[in-house]
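Shown next, in structure tokens, is the structure this report addresses.
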Amino acid sequence: VLPVGVDVDRFAPGPPPPPSPIRVVFLGRLIAERGAHAVVEAVQGLPTWARDRVQVDLVGAAEDPRYIETLRRRADGGPITIHPDVPDVRGLLQRAQLAVLPSTAEDGWGRAILECMAVGLPVVYSKGGVLDAITGGVAVPVAAGNLKPLGECLRDLLRHPEALAARGHAAREHVLAHHSWAVVGPQWEALLSSLVQAR
């Protein structure tokens, strides 16, 4: 099993973001299976002290207009902005302090999670499948499809914002060690070469 690679020079940390508000980013296709609505519901359900500390950016390809309209209705009045079809997501990732990616469907590659980790973001994700393997124990797993543990996880992280930077550094180091193209590329080349030789 070979992991996906990430361009760690392109997806790299930017200047340290301001400490307040704590910016939370979702990155992924804006469809139900990727779970942007779970981020919205979890944030809208936070107690006032926590909701007042965050700004949420939902970033992704606008594949389902009806779903995006549902997101807009659910996000109304909350600290949430939807960014559909952004040509280059790096700026939005680099100004965040936390990524929340509660996918409700199996993700065969986990590219969005690895890009967030490469930028130096701690990641909260739905545990299970390939994501447990690629995150290397440095991301924070929550039960898939369950808003209560997701909300509890966000509250805990917001109570200790000073820990986010250390978690983000560990995420970046994990990607450098296991998912940069310098590491992964030779593995793919060896596999493809062996397949050609086998023919």
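The values are calculated or read from the model by the stated rules, or taken from the named source; none is laboratory data. These numbers come from a predicted model, not from an experiment. Cβ: placed from backbone, ideal geometry, glycine included. Neighbour counts: every protein chain shown. When the accessible area is computed, the model is the full protein with side chains, heavy atoms only, and any ligands, DNA or RNA have been set aside. Shrake-Rupley method; radii C 1.70, N 1.55, O 1.52, S 1.80 Å.
Miscellaneous remarks
- Full extension of the chain between Glu63 and Trp109 yields a length gain of 14.7 nm, computed as 0.36 nm times the residue separation minus the alpha carbon distance.
- Calculated FRET efficiency for the pair Arg73/Ala133, C-beta based, R₀ 45 Å, to 0.05: 0.80
- For the stretch 47-114, the fraction of 1.4 Å probe accessible surface lying on carbon and sulfur atoms is 46 percent.
- Between 0 and 90 degrees, the angle of helix 65-75 with respect to the longest Cα principal axis of the chain falls at about 50 degrees.
- Tensor-based shape of the stretch 92-169 (alpha-carbon gyration tensor, a/c under 1.5 rounded, otherwise prolate or oblate): oblate
- Accessible surface calculations at 1.4 Å, restricted to protein heavy atoms, place the stretch 17-120 at 44 Å² per residue.
- Distance between modelled label sites at Val86 and Ala198, nm, 7 Å Cα→Cβ extension: 4.0 nm
- Principal-axis tilt of helix 164-178 within the chain, Cα atoms, nearest 10 degrees: 20 degrees
- Euclidean distance between Cα centres, the stretch 141-182 to the stretch 56-100, Å: 19 Å
- Normalised contact order of the chain, rounded percent, pairs of Cα under 8 Å and 6 or more residues apart: 27 percent
- Once the Cα atoms are used to define both axes, helix 147-159 deviates from the longest principal axis of the chain by about 80 degrees.
- Here's how it looks for Ile80: its modeled amide H is under 5 Å from those of Val56, which are all 5 or more places away or on a different chain.
- Projecting the Cα atoms of Tyr67, Ile80, Leu176 onto the charge dipole of the chain (Cβ charges, centred on the Cα centre) puts Ile80 farthest toward the positive pole.
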